[in-house]
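None of the figures in this text is laboratory data; all of them are computed from the coordinates on show. Predicted model only: the values in this text are computed from it and were never measured. Here the Cβ positions follow ideal geometry from the backbone for every residue, glycine too, while neighbour counts run over all protein chains shown.
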Amino acid sequence: MLKMIDVLEQSLVQNFSESIFQATEQTEAQFHQELLKISDIDLANIVSTFFLNEQALEIAQHLDISTETIQEVQAGANLKDEAYITATTKIVAYCLAVETDAFNQVEVAECLQDYPM
């Protein structure tokens, strides 16, 4: 199984883990910049690994990635292209959240307990 820590810069993974609970524009911009530094093949491997998950299409839709964009990304679109970088960022962030167990660290308000996650 592809490990994000093996592909991404240590600082990106560490900063992601530390800032997951701090939604700031600076953090988002830094994450975006770090993504652009990742080699195209490594980024393609991350996205390919994501789509190996049998629930990947459903997860991508929950991440607000359009069906058209999903199809184009799966067909080999340039993941760093302006039209696809948002989808790429969402996929990489999701993979990082799964790998760093961030979802289990989030406290869900009682009123949202029945909301599917």
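Some points to look at:
- Residues K37, K90, ranked from the fewest to the most other C-beta atoms within 10 Å, line up as K37, K90.
- If you take all other residues with their beta carbon under 14 Å from the beta carbon of Y94, and give Lys and Arg +1 and Asp and Glu -1, the sum is -3.
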